[in-house]
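Quick notes on the structure that follows.
The values are calculated or read from the model by the stated rules, or taken from the named source; none is laboratory data. Since the structure is predicted, the reported quantities are computational estimates derived from the model, not experimental observations. Positions of Cβ are generated from backbone atoms using ideal geometry, with glycine treated the same way; all protein chains shown enter the neighbour counts. Just so you know, the surface numbers come from the protein's heavy atoms only, side chains and all, with ligands and any DNA or RNA stripped out. Shrake-Rupley method; radii C 1.70, N 1.55, O 1.52, S 1.80 Å.
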Amino acid sequence: MEFWLILLAILGLNRVQGQIYGGSSYGAASGQAIRLGLITDDETDRIRQTFEHAISVANNELSVPLVGQTEQVSYGNSVQAFAQLCNMMQSGVGAVFGPAAKHTASHLLNACDSKDIPFVYPHLSGNAQADGFNLHPHQEDIANALYGIIKQFDWSRFIFCYESPEYLAILDHLMTLYGIKGPVIKVMRYDLNLNGNYKSVLRRIRKSEDSRIVVVGSREGVAELLRQAQQVGIMNEDYTYVIGNLDLHTFELEEYKYSEANITGIRMFSPDQEEVRDLVERLHQELGESEPADNGASTITMAMALTYDAVRVIAETTKHLPYQPQILNCSERHDNVQPDGSTFRNYMRSLEIKEKTITGRIFFEGNVRKGFTFDVIELQTSGLVKVGTWEEGQEFEFKRPAQVINFNDIDDGSLVNKTFKVLISVATKPYASLVDSIDTLIGNNQYQGYGVDLIKELADKLGFNFTFLDGGIDYGSFNKTTNTTTGMLKEIVEGRADLAITDLTITSEREEVIDFSIPFMNLGIAILYVKPQKAPPALFSFMDPFSEEVWLYLGIAYVGVSLCFFILGRLSPTEWDNPFPCIEEPEELENQFTINNSLWFTTGALLQQGSEIAPKSLSTRTIAAIWWFFTLIMVSSYTANLAAFLTIENPTSPINSVEDLADNKEGVQYGAKRTGSTRNFFLTSEDPIYMKMNEYMTNNPSMLLDNNQDGVEKVKSGNKYAFLMESTSIEFNTVRECNLTKVGDALDEKGYGIAMVKNWPYRDKFNNALLELQEQGVLARLKNKWWNEIGAGVCSAKSSSDGPSELGVDNLSGIYAVLAVGTIISIIFSIFCWCIFKKAKSYEVPFCDALVEEFKIVIRFSENERALKSAQSVYSRSRNSSHSIESLKTDSEENMPPEEAD
Ligand code: ASP
């Protein structure tokens with residue numbers, strides 16, 4: 001009905017055109033050539049090129065040549081297409097090839113049928129009854145092939161995903177084939193009406209228990225579905241796709257090659273066939289198309305192949321059946337038909353053609369093409385590979401060629417959308433740790449750290465996906481003798497993980513079984529120990545400003561200069577004075593520079609004090625001046641240095657080098673991480689010091705700890721324990737633990753790398769990306785972030801608040817001691833040497849009596865006067881056993897001890 005409405009609408013147009021062409025409605029087509037019309041809506045011009053190429057190939061062996069006439073129409077524009085068909089009829093077309101748009105093709109088919117013009121439709125037809133000439137395998141045969149494949153897979157359930165109702169015929173036939181004991185089939189439609197967004201359907205598939213999917217639909221629809229399946233995350237090793245579209249070989253499958261998803265499909269021809277290669281060459285010449293890569297794929301679509309084959313069938317038919325198409329008028333008032341049209345079409349269907357076709361053997365049973373075979377193809381890393389042949393009536397069986405994994409081929413493959421399992425150690429900050437969050441985190445979101453960020457940066461660059469797995473604290477080693485691996489190494493070697501990133505050191509031993517990326521960080525083994533403690537100030541720290549030699553020379557100078565004063569004083573006449581100035585002609589002269597006075601003068605000058613002694617002669621004044629100058633400089637220097645020496649802390653550590661550690665200096669014990677490269681360094685070293693340390697650690701297994709964090713805790717506890725750890729980890733910990741520090745230089749030099757399976761094909765790409773990150777400063781930024789920003793700054797804040805510290809008694813105890821000792825000495829002098837002892841002796845009283853008496857006078861605080869003592873009274877009283885000396889002596893100077901006068 002619809003068709004006739006359109007036909008009526010077009011008739012007016014035909015009348016106009018009829019007027020333009022004029023002439024009679026009937027007549028033979030010009031010349032002997034048979035005109036073939038192509039009404040195409042393909043904007044790429046590939047169908048037209050194929051059509052023309054097929055005609056030129058066919059004409060090589062035809063006596064009556066074929067002539068092609070192509071009309072381009074807009075997709076889905078039936079009105080325009082019909083107008084073009086009318087034009088063709090009016091030029092005496094012998095057969096018409098229809099466009100891809102289904103409705104348009106259907107209209108043209110009906111129009112051609114009514115005029116007995118063979119109509120070729122090179123697409124899957126939903127209408128088996130149509131009288132067109134269709135070389136496309138019927139839906140039932142596609143169902144038969146899918147049935148054979150699914151049976152081989154031995155599925156008990158699967159999802160049947162179809163694009164539009166016309167594909168339900170395939171499902172229908174599949175269910176017929178299975179009967180009542182078939183697998184569970186879940187049917188889902190991915191609808192073009194959803195604007196090409198199939199993700200909701202795909203998400204439902206992801207959430208369902210099914211992972212086996214049969215997909216049927218148009219070339220564009222199926223290709224888009226696969227693309228979105230990858231975005232939704234169901235294009236991986238857990239999923240199997242069986243594609244019921246014969247154009248699978250033209251899909252862009254590069255992205256799925258390494259997804260490990262199983263994609264199986266069917267095709268009718270191989271890209272290696274001569275006809276296909278010729279056609280590709282023609283497209284290359286005419287359209288400048290590049291040759292496709294030799295990976296089992298082809299750019300030749302089923303529509304092109306069937307167009308080519310249809311021309312071939314027509315050409316073959318013309319060899320057997322003379323055909324002279326007539327000019328027709330497509331007006332509704334003319335019921336003229338192509339006289340030999342239906343005969344020609346029927347003859348086409350009766351032929352069997354085995355050669356020079358693209359899609360293989362051609363023969364028909366009724367309207368349906370039969371006798372062909374399908375290549376069953378499977379996507380592998382090398383591209384599409386033929387894994388069997390399906391033939392009607394035969395049980396299908398996979399015949400996979402032995403798979404040769406050529407890493408060199410894969411090497412060129414990109415990492416885009418590949419998914420890798422990456423091992424991390426969540427107990428090793430800052431490389432990886434669990435995110436603190438009140439929400440329950442799942443998947444990769446649970447982890448943070450330097451290693452996590454670095455993998456994310458690499459993934460951004462290279463386009464791969466990743467899943468983090470906790471690999472524990474054992475990074476692993478390889479035992480050459482037993483040929484066994486442990487820890488993370490084992491996981492990689494046995495294929496349970498693809499990569500490992502943590503503080504994993506690149507070692508030659510590990511390199512034997514796995515590969516490493518270039519180093520992303522450099523380090524060496526060093527010693528972690530508590531910061532040196534402040535040394536307690538020395539008793540005589542006030543002497544520190546001068547060295548021992550300076551003090552010694554100062555002493556010598558003091559004594560020497562004092563002696564000079566004594567000698568020069570004696571030599572110089574000016575220093576000899578009259579002791580009794582009232583006596584003008586004294587018999588004796590006296591010199592002020594006695595030994596005592598000389599010493600006293602130099603002492604006064606040295607301590608920046610004065611004395612009553614004044615040098616008078618030139619020589620004594622000269623030496624006095626020089627001594628004052630000397631003491632000025634000495635005292636200034638001492639004062640300047642004293643402040644610094646009293647306030648500077650001199651921290652001391654029992655260990656300052658690895659040698660100290662090896663000697664267990666001051667009882668310091670040490671250890672390392674029980675497994676890993678640090679321990680291995682000592683186990684394999686031939687240096688005597690490290691061998692000694694290895695022996696110590698082997699004999700003291702309790703010194704070896706499970707991980708670095710335990711080591712840090714043990715050092716912090718302050719029990720004279722040092723931990724051998726890698727410098728980067730030490731750096732991380734010393735920024736956060738203010739009482740810890742690194743002791744000495746690194747013992748070796750090495751680097752951390754990302755571990756990967758041996759001969760991993762993407763290693764170069766990884767290394768390039770790492771180098772780029774290094775050059776762009778990303779590695780430095782990440783290091784700064786995880787070392788100096790997150791969780792750091794504790795120690796620097798504390799030290800900046802430290803002001804100058806006050807001096808304690810400890811700092812000045814020496815001075816107090818000197819004061820005390822000086823005082824005691826003066827008292828002792830006073831008691832024993834000069835005062836009491838001499839008094840007792842002089843008055844001939846017992847020393848104790850004299851001492852008591854003097855003590856009594858001392859404690860009489862209110863009295864500042866005392867009576868002079870007489871020897872007689874003292875003597876008599878002492879004989880009377882009197883304990884007090886009361887008798888007063890008259891003013892007699894000679895009884896007084898000389899020192900008292902002083
Ligand atoms: N980086 C070391 C390793 O790779 C571990 C350690 O000793 O801290 O084994």
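Against the numbered list (1) modelled with pLDDT under 80; (2) surrounded by 13 or more Cβ atoms within 10 Å (Cβ to Cβ), L415 comes up short only at (1).
Sort out which residues of segment 61-75 are part of a loop (DSSP other than H, G, I, E, B) and buried (at least 18 other Cβ atoms within 10 Å of the Cβ), and write them in order of number. Explain how you work it out, then say what you get.
Step one: list which residues in segment 61-75 are part of a loop (DSSP other than H, G, I, E, B), which gives 61-65, 73-75.
Correct list: V73 only.
Put simply, of V276, V242, V313 the only residue that is over 27 Å from V222 (Cβ atoms) and either open to solvent by less than 20 Å² (accessible area, probe 1.4 Å) or not in a helix (DSSP H, G or I) (or both) is V313.
In segment 572-613, of all residues being farther than 22 Å from T631 by Cβ and part of a helix (DSSP H, G or I), the one that is least open to solvent (accessible area, probe 1.4 Å) corresponds to T574.
Exactly one residue out of S677, S657 is under 22 Å from E726 (Cα atoms) and away from the ligand (no atom under 16 Å from the Cβ), and it is S657. Among residues that are hydrophobic (A, V, I, L, M, F, W, C) and surrounded by fewer than 22 Cβ atoms within 10 Å (Cβ to Cβ), A95 is not included.
Mind checking which residues of segment 703-726 are basic (K, R) and within 16 Å of the ligand (Cβ to nearest atom)? If the condition is that a residue be basic (K, R) and within 16 Å of the ligand (Cβ to nearest atom), then K714 is the only one that fits.
Go through segment 420-437 residue by residue and tally those that are of a type in the set (V, I, T) and either in a loop (DSSP other than H, G, I, E, B) or modelled with pLDDT under 90 (or both). Walk me through how you get there before you give the answer.
Taking segment 420-437 as the starting set, the residues that turn out to be of a type in the set (V, I, T) are 422, 424, 426, 428, 435.
With the extra rule that they be either in a loop (DSSP other than H, G, I, E, B) or modelled with pLDDT under 90 (or both), the set shrinks to 426, 428, 435.
Residues meeting the conditions: 3.
Which count do you get for residues in segment 493-511 that are part of a loop (DSSP other than H, G, I, E, B) and more than 22 Å from T684 (Cβ to Cβ)? I'd like the intermediate steps shown before the answer.
Pass one, segment 493-511, residues part of a loop (DSSP other than H, G, I, E, B): 494-498, 501-504, 506-507.
Then drop every residue that is not more than 22 Å from T684 (Cβ to Cβ), which leaves 494-498, 501.
So the answer is 6.
Which residues, counting only those in segment 731-744, are within 17 Å of G451 (Cα to Cα) and among the hydrophobic types (A, V, I, L, M, F, W, C)? If the condition is that a residue be within 17 Å of G451 (Cα to Cα) and among the hydrophobic types (A, V, I, L, M, F, W, C), then F732 is the only one that fits. The number of residues in segment 212-239 being open to solvent by 20 Å² or more (accessible area, probe 1.4 Å) and part of a helix (DSSP H, G or I) comes to 7. Across segment 231-250, the number of residues qualifying as aliphatic (A, V, I, L, M) and within 27 Å of the chain's Cα centre (by Cα) comes to 3. Pairs are defined by a Cβ separation below 9 Å, a sequence spacing of at least 6 or placement on different chains, a first member in segment 490-505 that is in contact (Cβ under 8 Å) with a residue 24 or more places away in the chain, and a second member that is away from the ligand (no atom under 16 Å from the Cβ) and part of a helix (DSSP H, G or I); the pairs so defined are L499/I455; L499/F766; I501/V452; I501/I455. Here is the figure for segment 438-492: residues that are in a helix (DSSP H, G or I) and away from the ligand (no atom under 16 Å from the Cβ) total 14.
Does F516 meet the test of being modelled with pLDDT of 95 or more and aromatic (F, W, Y)? Working first, answer last.
Working: modelled with pLDDT of 95 or more: yes; aromatic (F, W, Y): yes.
Against the criterion (modelled with pLDDT of 95 or more and aromatic (F, W, Y)), F516 qualifies.
The residue that is farthest from G808 (Cα to Cα), counting only those in segment 660-674 that are away from the ligand (no atom under 16 Å from the Cβ) and open to solvent by less than 80 Å² (accessible area, probe 1.4 Å), is A662.
Assigned to a loop (DSSP other than H, G, I, E, B), modelled with pLDDT under 90 and either more than 30 Å from E494 (Cβ to Cβ) or open to solvent by less than 70 Å² (accessible area, probe 1.4 Å) (or both) - does that describe any residue in segment 807-818? There is at least one residue in segment 807-818 that is assigned to a loop (DSSP other than H, G, I, E, B), modelled with pLDDT under 90 and either more than 30 Å from E494 (Cβ to Cβ) or open to solvent by less than 70 Å² (accessible area, probe 1.4 Å) (or both). The residues in segment 148-203 that are β-branched (V, I, T), closer than 23 Å to M235 by Cα and surrounded by fewer than 16 Cβ atoms within 10 Å (Cβ to Cβ) can be counted, and the count is 2.
When the residues of segment 785-795 are narrowed to those that are within 11 Å of T734 (Cα to Cα) and open to solvent by 60 Å² or more (accessible area, probe 1.4 Å), which ends up modelled with the lowest pLDDT? Can you show your working first?
Filtering segment 785-795 for residues within 11 Å of T734 (Cα to Cα) gives 787-788, 792-795.
Add one more test, that the residue is open to solvent by 60 Å² or more (accessible area, probe 1.4 Å), and what stays is 788, 794.
Working: N788: 91, V794: 78.
Result: V794.
Which of the residues spanning segment 318-328 are part of a loop (DSSP other than H, G, I, E, B) and surrounded by fewer than 20 Cβ atoms within 10 Å (Cβ to Cβ)? Talk me through it step by step, then tell me what you get.
Looking only at segment 318-328, we keep the residues that are part of a loop (DSSP other than H, G, I, E, B), and these are 321-325, 327-328.
Within segment 318-328, L321, P322, Q324 meet the criteria.
Among residues that are open to solvent by less than 60 Å² (accessible area, probe 1.4 Å) and either closer than 16 Å to A557 by Cα or part of a loop (DSSP other than H, G, I, E, B) (or both), I626 is not included.
Under the condition of being loosely packed, with under 15 Cβ neighbours inside 10 Å and either in a strand (DSSP E or B) or small (G, A, S) (or both), the residues counted in segment 336-359 number 1.
Being out of contact with any Lys or Arg (no Cβ under 6 Å at 6 or more places or on another chain), more than 16 Å from the ligand (Cβ to nearest atom), in contact (Cβ under 8 Å) with a residue 60 or more places away in the chain and within 30 Å of K742 (Cβ to Cβ) is true of T652.
Could you tell me whether any residue of segment 727-749 is aromatic (F, W, Y) and away from the ligand (no atom under 16 Å from the Cβ)? Looking for residues that are aromatic (F, W, Y) and away from the ligand (no atom under 16 Å from the Cβ), one finds none in segment 727-749, hence no. Note on segment 498-553: among residues that are within 16 Å of the ligand (Cβ to nearest atom) and among the small types (G, A, S), the one that is nearest to K720 (Cα to Cα) is A526. Restricting to segment 134-157, name every residue that is touching a helix residue (DSSP H, G or I) at 6+ places or on another chain (Cβ under 6 Å) and not in a loop (DSSP other than H, G, I, E, B). Scanning segment 134-157 gives Q139, E140, I142, A143, Y147.
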